[in-house]
Amino acid sequence: MNLAKRRVAKLKLSLIILFFILIIWSASKQTGVSLVELFSNLSNMGALLVQMFPPDWSYFNYVTSAMLETIRMAVLGTTFGGIAAIPFALFASRNIVKTGWIAVPFRFVMNLIRTIPELLLAALFVPIFGIGFVSGIFALAVFSFGVIAKLAYESIEAIDNGPLEAMTAVGANKVQWIFLGVIPQVVAPYMSYFLYCFEINVRAATILGYVGAGGIGLYLSRTLGFLQYDRVMSIILYTFVVVLIIDGLSNRIREKLI
Amino acid sequence: MMNATMKKPLMKRLRNWTIALIVLIIYAWAFTGFFKNFELKPTALQAAKAIFAGMSHPDWGYVSQPGGEDLLHALLETFNIAVLGTFISAIVCVPFAFWAARNMNRYRMISSAGKIFLSAIRVFPELIMALLFIKAVGLGAFAGVLALGFHSIGMLGKLFGESIEDMDFSAAEALRACGANKFQTLWFAIVPQVMPQFFSYTLYRFEISVRSAAILGMVGAGGIGAPLIFALNAHRWDRVGVILLGIIVMVSIIDLISGVIRKRLV
């Protein structure tokens, strides 16, 4: 009996491995992976990397305003998305809205939005709002909305029911119930998700300009187009420093929150 | 006594006010910039209408075409890029994970350097990475695979490193006490412990990689991004609509399957 079970488990494992190898094999066949090509042309890439050094230090000054615009995009995008996420998160939580089916469409919209990459959203918004940071803000807002709403409704569903029951028992109405029973319990996780999303958005905002949605990405695509690789490198370094600082700050705040 | 009890709330209040002030200043700065430069193109509404009209009538003919230049092929290529990119990074990131794990290095400096290195990789934009690899191997999916494979090392290395840090060493110690050699301890005590988490993280990264692979084509690194950017530039909204739909369906299915597997793993 035991032996048979083990044999089945073994067969299952080898089938999974075989399936996995098959996928990898067919994928590498179709994408034209060739290590020979990679290693024989690695010098091209090396030449490009050499051109990136030394970075054009004076360029830092020039792109500072674009960098600030990038951060501004991230701040506003996260804020708009985060605010819009609050009602959605409440409606998507089964312990807030007791009627079962109401949560379904709200969750569906959230899941739908989270499947679309930010850069793609930006590319869609540019024809509507025009080239510039407004498109970027809306793209980031839509994306943040999806992320924050999902994380928030999950933490709303995990809250302690005790205070809520107590409030119902003493006759609180629905609005009091939400503002005094639910929200105080989820403020800290919500702020944490907000900051987490802000970190993601800062990173994303740096490339949104590539499709014309404002920020430092515009300079990235411009310098790449003009083959000024030393300037590309200084933009990358600048981004790295800014992202590192923002991540560090946000991580410290988040640690305090939880 | 009185003073001591008074002092703390005052300090706390002061701190809270400072935080509130800083947040207020940040928002004042952000919003003034926003309203100063905010302008809608007069054609915005028209464009939005055109986009909406196109998207509500997707170009179904593009789904499958005899020549092979169609949605399904592009989506398959995107999927392949994500699979291979994730596969490469899942293997390559292992040594980096050990480098960045605090309990695997004697000196804190070494692991900190590893962590900084990994975050440097994470910050390096995928699109630039793709452009670099296009220089090396030419336009096409292979460049996308390499870019994703390289970029994902940053995230997977960090996550793997953290799970190594959280590892329970009692099993390894017990094995060593029984006289197991280094390879045996690694194989029987450490690998079984971290494997489920490694797979779970790899799948998670795969979900992200599918989304990334969908945009890498915008710079010419294969996948669905290239036809998308062509359709966007040509204002063929019906085609944009069908491509978007394709991406949404593919990503949703992959997320669903991967989510089920991950739940069973951990």
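One quarter of the surface of the convex hull around the alpha-carbon atoms of chain B equals 24.3 nm², the direction-averaged projected area.
So if I place +1 on the C-beta of Lys and Arg and -1 on the C-beta of Asp and Glu, and nothing else carries charge, what would the dipole magnitude of chain B be about its Cα centre? I want it in debye, nearest 20.
Computed charge dipole of chain B: roughly 1380 debye.
Across peptide B:120-126, the mean count of Cβ atoms from other chains lying within 10 Å of each residue's own Cβ comes to 5.
Taking every C-alpha pair closer than 8 Å and separated by at least 6 residues, the mean separation divided by the residue count of region A:54-257 gives a relative contact order of 31 percent. Please report the spacing between the Cα centers of region B:185-206 and region A:52-80 in Å, no decimals. A separation of 38 Å, based on Cα centres. Placing unit charges on each Cβ (+1 for Lys and Arg, -1 for Asp and Glu) gives region A:1-99 a dipole about its Cα centre, and among A:ALA89, A:LEU3, A:PHE39 the Cα reaching farthest toward its positive end belongs to A:LEU3. Each of B:ASN103 and A:VAL241 was given a label point 7 Å from its Cα along the Cα-to-Cβ line. The distance between the two points is 3.7 nm. Spatial offset of region B:223-242 relative to region B:25-86 amounts to 8 Å, using the alpha carbon center of each. Between B:GLU39 and B:VAL92, the FRET efficiency from the beta-carbon distance, with R0 = 60 Å, is close to 0.80.
Taking each DSSP H run with n ≥ 4 as -39500 (n - 2.57) and averaging over every residue of chain B yields -26500 deg cm²/dmol at 222 nm. Comparing the protein assembly as shown with the 2.2 N^0.38 Å rule of thumb, its C-alpha radius of gyration ratio is 1.06 (two decimals).
Taking the number of Cβ atoms within 10 Å of each Cβ as an exposure proxy, the fewest-first ranking of A:SER14, B:SER209, B:SER252 is A:SER14, B:SER252, B:SER209.
Quick one: among B:LEU146, B:LEU175, B:LEU75, which has the greatest mean-square fluctuation in a GNM of chain B with alpha-carbon springs under 10 angstrom? Result for chain B, Cα springs under 10 Å: B:LEU175 fluctuates most.
When the label point is put 7 Å from the Cα of B:MET11 along its Cα-to-beta-carbon vector, which residues of region A:239-258 have a backbone N closer than 18 Å? It comes to A:256, nothing else.
Where does chain A land at 222 nm, in deg cm²/dmol rounded to the nearest 500, when only DSSP H runs of n ≥ 4 count, each adding -39500 (n - 2.57), divided by all residues? After summing the helix terms and dividing by residue count, I get -26500 deg cm²/dmol. Shielding by partners for peptide B:36-45, expressed as the average number of C-beta atoms from other protein chains within 10 Å of each residue's C-beta, is 4. Excluding same-chain neighbours fewer than eight residues apart, the lysines reachable from B:LYS41 by a Cα-Cα span under 22 Å are B:LYS49.
The peptide list A:43-53, A:136-146, put in order of mean Cβ contacts within 10 Å with the highest first, becomes A:136-146, A:43-53.
The angle separating the long axis of helix A:59-92 from the principal Cα axis of greatest extent in chain A is about 30 degrees.
Can you pull the Rg over Rh of region A:54-257, Cα-only, Kirkwood? Walk me through the intermediate numbers first.
Values: Rg = 20.1 Å, Rh = 18.4 Å.
Result: Rg/Rh = 1.09.
Here the residues A:ARG252, A:ARG231, ranked from fewest to most Cβ neighbours within 10 Å of their Cβ, fall in the order A:ARG252, A:ARG231.
By the beta-carbon count within 10 Å of each Cβ, the least crowded to most crowded order of B:MET195, A:MET167, B:MET155, fewest first, is B:MET195, A:MET167, B:MET155. Within chain B, helices built from complete DSSP H runs that reach 30 Å or longer along their own axis (Cα positions) and carry a mean Kyte-Doolittle hydropathy of -1.0 or higher are B:2-37, B:71-100, B:141-165, B:191-216, B:237-265. Lysine pair count for chain A (Cα-Cα distance under 23 Å; residues 8 or more apart in sequence or on different chains): 4. Across chain B, the relative contact order, built from alpha-carbon pairs under 8 Å that are at least six residues apart, equals 26 percent. Net charge in the neighbourhood of A:ASN201 (other residues with Cβ under 13 Å of its Cβ; Lys, Arg +1, Asp, Glu -1) is -1.
Dipole of region B:78-210, Cα-centred, from +1 at each Lys and Arg C-beta and -1 at each Asp and Glu C-beta, to the nearest 20 debye?
380
Every number here is computed from the coordinates shown, using simple stated rules; none is lab data. Keep in mind the model is a prediction, meaning the values are calculated, not measured. So basically every Cβ, Gly included, is an ideal-geometry build from the backbone, and we count neighbours across all protein chains shown.
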